Amino acid sequence: MRVDLHNHTSLCNHATGTMEEYILKAIEENIDVFGFSCHNPMHFDAKYRMRFEELPLYFNEIARLKEKYAEKIEILSALEIDFLPPFMEDSLFALPLDYRIGAVHFLGDWGFDNPEFIREYAKRDINDCWVEYFRATEMLAKSGKFDIVAHMDLLKVFKHFPTKDLRKEIESALKAIKQANMSVEINAAGFRKEVGEQYPSREILEMCHALEIPIVFGSDAHAVQQINFKRKELESLAKEVGYTKCAVYRQREREFIEF
Ligand SMILES: [Zn+2]
Ligand SMILES: [Zn+2]
(Lines give C-alpha, C1' and ligand atoms only; values in the text may rest on other atoms or scores of the structure.)
(Ligands and ions follow the chains in the order given, each with its own letter.)
Protein backbone atom coordinates (compact mmCIF):
# COMPACT_ATOMS: atom_id res chain seq x y z
CA MET A 1 0.00 0.00 0.00
CA ARG A 2 1.18 3.47 -0.80
CA VAL A 3 0.46 6.26 1.66
CA ASP A 4 1.35 9.93 1.14
CA LEU A 5 0.44 12.18 4.05
CA HIS A 6 2.01 15.54 3.23
CA ASN A 7 0.63 17.60 0.35
CA HIS A 8 -0.16 21.26 -0.19
CA THR A 9 -2.53 23.02 -2.58
CA SER A 10 -2.81 26.44 -4.20
CA LEU A 11 -4.72 27.64 -1.14
CA CYS A 12 -1.40 28.28 0.63
CA ASN A 13 -0.32 30.86 -1.99
CA HIS A 14 3.06 29.29 -2.72
CA ALA A 15 1.85 26.08 -4.35
CA THR A 16 0.01 25.42 -7.60
CA GLY A 17 -2.78 23.08 -8.62
CA THR A 18 -6.37 22.60 -7.56
CA MET A 19 -7.20 20.00 -4.97
CA GLU A 20 -8.96 17.90 -7.57
CA GLU A 21 -5.87 17.95 -9.81
CA TYR A 22 -3.83 16.62 -6.86
CA ILE A 23 -6.25 13.76 -6.39
CA LEU A 24 -6.27 12.84 -10.08
CA LYS A 25 -2.47 12.76 -10.09
CA ALA A 26 -2.38 10.74 -6.86
CA ILE A 27 -4.71 8.17 -8.43
CA GLU A 28 -2.49 8.05 -11.52
CA GLU A 29 0.52 7.45 -9.23
CA ASN A 30 -1.27 4.51 -7.55
CA ILE A 31 -1.45 6.15 -4.17
CA ASP A 32 -3.94 4.36 -1.92
CA VAL A 33 -4.14 6.89 0.89
CA PHE A 34 -3.57 10.58 0.20
CA GLY A 35 -3.53 13.31 2.83
CA PHE A 36 -3.97 17.04 2.26
CA SER A 37 -1.87 18.98 4.74
CA CYS A 38 -1.92 22.65 3.78
CA HIS A 39 -0.07 25.15 5.98
CA ASN A 40 -2.22 26.36 8.85
CA PRO A 41 -3.68 29.85 8.76
CA MET A 42 -1.75 32.12 11.11
CA HIS A 43 -1.62 35.80 12.05
CA PHE A 44 2.05 35.82 11.04
CA ASP A 45 3.72 34.97 7.71
CA ALA A 46 0.18 35.34 6.39
CA LYS A 47 1.05 35.69 2.72
CA TYR A 48 2.34 32.10 2.50
CA ARG A 49 -0.79 30.38 3.78
CA MET A 50 -4.57 30.25 3.62
CA ARG A 51 -6.66 32.65 5.65
CA PHE A 52 -8.76 31.49 8.59
CA GLU A 53 -11.88 32.29 6.52
CA GLU A 54 -10.69 29.79 3.90
CA LEU A 55 -10.65 26.79 6.25
CA PRO A 56 -14.29 25.85 5.48
CA LEU A 57 -13.49 25.93 1.78
CA TYR A 58 -10.55 23.58 2.35
CA PHE A 59 -12.56 21.10 4.40
CA ASN A 60 -15.59 21.24 2.10
CA GLU A 61 -13.45 20.49 -0.92
CA ILE A 62 -11.79 17.58 0.88
CA ALA A 63 -15.25 16.22 1.77
CA ARG A 64 -16.47 16.60 -1.82
CA LEU A 65 -13.40 14.84 -3.28
CA LYS A 66 -13.50 12.13 -0.64
CA GLU A 67 -16.99 11.22 -1.76
CA LYS A 68 -16.42 11.65 -5.48
CA TYR A 69 -13.30 9.45 -5.57
CA ALA A 70 -14.19 7.05 -2.74
CA GLU A 71 -13.81 4.01 -5.01
CA LYS A 72 -10.38 5.00 -6.18
CA ILE A 73 -8.50 6.56 -3.29
CA GLU A 74 -8.83 7.28 0.40
CA ILE A 75 -8.45 10.98 1.18
CA LEU A 76 -7.42 12.29 4.58
CA SER A 77 -7.70 15.73 6.03
CA ALA A 78 -4.82 17.37 7.88
CA LEU A 79 -2.83 20.55 8.37
CA GLU A 80 0.87 21.24 8.59
CA ILE A 81 0.92 23.47 11.63
CA ASP A 82 3.82 25.75 12.46
CA PHE A 83 5.20 25.22 15.92
CA LEU A 84 5.31 28.88 16.82
CA PRO A 85 3.78 29.19 20.28
CA PRO A 86 2.61 32.83 20.25
CA PHE A 87 0.80 32.23 16.95
CA MET A 88 -0.68 28.75 17.42
CA GLU A 89 -4.37 29.50 17.73
CA ASP A 90 -6.33 27.14 19.97
CA SER A 91 -9.02 26.91 17.31
CA LEU A 92 -6.63 24.94 15.06
CA PHE A 93 -6.45 22.18 17.63
CA ALA A 94 -10.22 21.92 17.79
CA LEU A 95 -10.54 21.09 14.07
CA PRO A 96 -11.59 17.53 13.21
CA LEU A 97 -8.36 16.53 11.45
CA ASP A 98 -7.17 13.02 10.68
CA TYR A 99 -3.73 14.07 11.88
CA ARG A 100 -1.65 17.12 12.73
CA ILE A 101 1.78 17.58 11.24
CA GLY A 102 3.96 19.79 13.41
CA ALA A 103 6.68 21.78 11.64
CA VAL A 104 9.51 24.09 12.58
CA HIS A 105 10.00 26.62 9.76
CA PHE A 106 11.00 29.54 12.01
CA LEU A 107 13.77 30.31 14.46
CA GLY A 108 12.23 33.23 16.32
CA ASP A 109 10.63 35.21 13.52
CA TRP A 110 13.14 34.10 10.88
CA GLY A 111 11.64 31.85 8.20
CA PHE A 112 14.91 30.02 7.54
CA ASP A 113 13.66 27.84 4.68
CA ASN A 114 12.28 30.77 2.72
CA PRO A 115 14.68 31.92 -0.06
CA GLU A 116 13.42 35.44 0.58
CA PHE A 117 15.27 35.51 3.93
CA ILE A 118 18.37 33.52 2.97
CA ARG A 119 20.73 36.43 3.69
CA GLU A 120 20.10 35.98 7.40
CA TYR A 121 22.37 32.88 7.39
CA ALA A 122 25.43 35.10 6.95
CA LYS A 123 24.63 36.86 10.22
CA ARG A 124 24.22 33.71 12.29
CA ASP A 125 26.34 31.00 13.88
CA ILE A 126 25.12 27.88 12.11
CA ASN A 127 25.75 25.55 15.05
CA ASP A 128 23.68 27.79 17.32
CA CYS A 129 20.92 27.71 14.71
CA TRP A 130 20.95 23.90 14.67
CA VAL A 131 20.85 23.66 18.45
CA GLU A 132 17.92 26.10 18.49
CA TYR A 133 16.22 24.16 15.70
CA PHE A 134 16.41 20.78 17.48
CA ARG A 135 15.35 22.41 20.73
CA ALA A 136 12.27 23.81 18.98
CA THR A 137 11.57 20.32 17.59
CA GLU A 138 11.83 18.91 21.10
CA MET A 139 9.39 21.56 22.39
CA LEU A 140 7.05 20.76 19.52
CA ALA A 141 6.97 17.14 20.68
CA LYS A 142 6.61 18.09 24.33
CA SER A 143 3.63 20.32 23.51
CA GLY A 144 1.67 17.09 23.01
CA LYS A 145 -0.35 18.71 20.22
CA PHE A 146 0.98 16.85 17.18
CA ASP A 147 0.99 13.39 15.58
CA ILE A 148 3.83 13.75 13.11
CA VAL A 149 7.00 15.81 12.99
CA ALA A 150 7.67 17.22 9.53
CA HIS A 151 11.05 17.27 7.75
CA MET A 152 13.10 16.91 10.90
CA ASP A 153 16.34 18.47 9.62
CA LEU A 154 14.88 21.17 7.37
CA LEU A 155 17.60 23.62 8.36
CA LYS A 156 19.91 21.85 5.86
CA VAL A 157 17.69 23.05 2.98
CA PHE A 158 20.33 25.45 1.58
CA LYS A 159 23.22 23.18 2.62
CA HIS A 160 24.04 24.92 5.88
CA PHE A 161 25.16 21.81 7.76
CA PRO A 162 26.33 21.86 11.36
CA THR A 163 30.06 21.70 11.90
CA LYS A 164 29.89 20.09 15.31
CA ASP A 165 28.44 16.83 16.56
CA LEU A 166 24.78 17.31 17.49
CA ARG A 167 23.82 13.73 18.32
CA LYS A 168 23.05 14.70 21.90
CA GLU A 169 20.56 17.39 20.78
CA ILE A 170 19.03 15.11 18.13
CA GLU A 171 18.74 12.27 20.61
CA SER A 172 17.02 14.53 23.10
CA ALA A 173 14.48 15.69 20.47
CA LEU A 174 13.87 12.10 19.36
CA LYS A 175 13.28 10.92 22.90
CA ALA A 176 10.61 13.62 23.29
CA ILE A 177 9.06 12.48 19.98
CA LYS A 178 9.03 8.90 21.21
CA GLN A 179 7.58 9.96 24.55
CA ALA A 180 4.81 11.87 22.75
CA ASN A 181 4.01 8.76 20.69
CA MET A 182 4.59 10.66 17.46
CA SER A 183 5.88 9.60 14.05
CA VAL A 184 8.72 11.11 12.04
CA GLU A 185 8.14 11.94 8.41
CA ILE A 186 10.36 10.90 5.52
CA ASN A 187 9.88 13.88 3.26
CA ALA A 188 10.86 14.12 -0.41
CA ALA A 189 10.97 17.93 -0.67
CA GLY A 190 14.71 18.08 0.00
CA PHE A 191 15.32 16.36 -3.35
CA ARG A 192 13.88 19.44 -5.04
CA LYS A 193 15.99 21.85 -3.00
CA GLU A 194 19.66 22.78 -2.91
CA VAL A 195 20.43 20.06 -0.38
CA GLY A 196 19.36 17.36 -2.88
CA GLU A 197 18.33 14.67 -0.40
CA GLN A 198 15.37 13.63 1.71
CA TYR A 199 14.57 14.91 5.21
CA PRO A 200 15.71 13.58 7.58
CA SER A 201 19.22 12.26 6.94
CA ARG A 202 19.94 8.54 7.01
CA GLU A 203 21.74 9.08 10.31
CA ILE A 204 18.65 10.57 11.98
CA LEU A 205 16.47 7.88 10.45
CA GLU A 206 18.73 5.21 11.93
CA MET A 207 18.38 6.90 15.32
CA CYS A 208 14.58 6.90 14.87
CA HIS A 209 14.63 3.21 14.08
CA ALA A 210 16.78 2.44 17.11
CA LEU A 211 14.20 4.21 19.29
CA GLU A 212 11.32 2.44 17.48
CA ILE A 213 9.81 5.70 16.31
CA PRO A 214 7.33 5.08 13.46
CA ILE A 215 7.70 6.74 10.07
CA VAL A 216 5.24 8.25 7.60
CA PHE A 217 5.83 9.14 3.95
CA GLY A 218 5.25 12.63 2.57
CA SER A 219 5.84 14.12 -0.87
CA ASP A 220 5.39 17.62 0.56
CA ALA A 221 4.09 18.42 -2.93
CA HIS A 222 3.64 22.08 -3.76
CA ALA A 223 2.78 21.26 -7.38
CA VAL A 224 0.84 18.38 -8.89
CA GLN A 225 3.84 16.80 -10.62
CA GLN A 226 5.68 16.59 -7.28
CA ILE A 227 3.31 13.94 -5.96
CA ASN A 228 5.17 10.65 -5.43
CA PHE A 229 8.48 12.23 -6.50
CA LYS A 230 11.46 10.03 -5.49
CA ARG A 231 9.15 7.65 -3.68
CA LYS A 232 11.24 4.61 -4.63
CA GLU A 233 14.34 6.21 -3.12
CA LEU A 234 12.48 7.03 0.10
CA GLU A 235 11.15 3.49 0.39
CA SER A 236 14.52 1.88 -0.28
CA LEU A 237 16.17 4.09 2.31
CA ALA A 238 13.49 3.26 4.89
CA LYS A 239 13.93 -0.45 4.14
CA GLU A 240 17.70 -0.26 4.38
CA VAL A 241 17.36 1.36 7.78
CA GLY A 242 15.06 -1.48 8.85
CA TYR A 243 11.50 -0.23 8.42
CA THR A 244 8.85 -2.39 6.75
CA LYS A 245 5.75 -0.48 7.83
CA CYS A 246 4.66 3.13 7.76
CA ALA A 247 2.01 4.84 9.83
CA VAL A 248 -1.31 6.26 8.71
CA TYR A 249 -3.75 8.28 10.79
CA ARG A 250 -7.53 8.40 10.69
CA GLN A 251 -9.25 10.71 13.15
CA ARG A 252 -5.93 10.81 14.96
CA GLU A 253 -5.81 7.04 15.46
CA ARG A 254 -2.61 5.50 14.19
CA GLU A 255 -2.38 2.30 12.19
CA PHE A 256 0.52 0.63 10.43
CA ILE A 257 0.66 -0.40 6.79
CA GLU A 258 3.30 -2.40 4.97
CA PHE A 259 4.99 -0.53 2.17
ZN1 LIG B 1 4.96 25.18 1.85
ZN1 LIG C 1 6.99 22.22 5.90
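Under a Cβ-Cβ cut-off of 11 Å, what is the net charge of the residues other than Cys38 that fall near it, where Lys and Arg count +1 and Asp and Glu count -1?
-2
Give the average over all directions of the projected area of the C-alpha convex hull of region 3-258, one decimal, in nm².
Computed as one quarter of the Cα hull surface, the answer is 12.4 nm².
Have a look at region 91-180 and give its Rg and Dmax from the Cα atoms, expressed in angstrom.
Rg and Dmax of region 91-180, Cα atoms, are 13.9, 42 Å.
Got a number for carbon plus sulfur as a percent of the chain's accessible area, 1.4 Å probe? Display every interim value, and only then the final one.
Values: 5650 of 11550 Å².
Using a 1.4 Å probe with all protein chains present, the chain comes out at 49 percent carbon and sulfur.
For region 149-258, what's the relative contact order in percent, using C-alpha pairs closer than 8 Å and at least 6 residues apart? Don't skip to the answer; put the middle values down first.
Numbers: 148 pairs, mean separation 27.0, N = 110.
RCO, region 149-258: 25 percent.
In square angstrom, what is the accessible area per residue of region 3-258 with a 1.4 angstrom probe? Mind dumping the intermediate values first?
Numbers: 11330 Å² over 256 residues.
In whole numbers, region 3-258 has 44 Å² accessible per residue.
Taking only Cα atoms and a 10 Å spring cutoff, compute GNM fluctuations for the chain and point out the largest among Arg51, Arg202, Arg124.
Arg124
Give the residue list of GluC sites (Glu not before Pro) in region 134-224 that are DSSP loop and have at most 15 other beta-carbon atoms within 10 angstrom.
Passing sites in region 134-224 are Glu194, Glu212.
Quick one: net charge around Ala26, please, counting Lys, Arg +1 and Asp, Glu -1 for every other residue with C-beta under 12 Å from its C-beta.
Computed value for this residue: -3.
Which whole-angstrom value gives the distance between the alpha carbon centres of region 115-157 and region 1-36?
25 Å
Build a GNM of the chain with springs between Cα atoms under 10 Å: which of Ile23, Ile170, Ile118 gets the top mean-square fluctuation?
It is Ile118.
So for the chain, taking the charge dipole from beta-carbon charges (+1 Lys/Arg, -1 Asp/Glu), which of His39, Ile170, Tyr22 sits furthest toward the positive end?
Value: Ile170.
Go through Asn187, Ala94, Val157 and say which Cα lies farthest out towards the positive end of the charge dipole of the chain; charges sit on Cβ, +1 for Lys and Arg, -1 for Asp and Glu.
Val157
Classify region 1-107: rounded, prolate or oblate, from the alpha-carbon gyration tensor (a ≥ b ≥ c, eigenvalue square roots; a/c under 1.5 rounded; otherwise prolate if a/b is larger than b/c)?
prolate
Taking the dipole about the Cα centre of region 3-258, with the C-beta of Lys and Arg at +1 and of Asp and Glu at -1, give me whichever of Pro56, Asn114, Asn228 is farthest to the positive side.
So the residue furthest toward the plus end is Asn114.
What's the local net charge at Glu253, with K and R +1, D and E -1, over the other residues with C-beta under 11 Å away?
Summing Lys and Arg as +1 and Asp and Glu as -1 gives 0.
Please give the charge dipole size of region 3-258, origin at the Cα centre, charges +1 on K and R Cβ atoms and -1 on D and E Cβ atoms. Round to the nearest 20 debye.
Dipole size: approximately 280 debye.
Please give the Cα centre distance for region 163-227 versus region 55-95, rounded to the nearest Å.
Cα centres, region 163-227 to region 55-95: 22 Å.
The values are calculated or read from the model by the stated rules, or taken from the named source; none is laboratory data. Computed from a predicted model, the values in this text were never measured in an experiment. Methodologically, a virtual Cβ is constructed for each residue, glycine included, from the backbone with ideal geometry; neighbour enumeration extends over all protein chains shown. Each accessible area value is taken on the protein alone, full model and side chains, heavy atoms only, with ligands, DNA and RNA left out. Shrake-Rupley method; radii C 1.70, N 1.55, O 1.52, S 1.80 Å.
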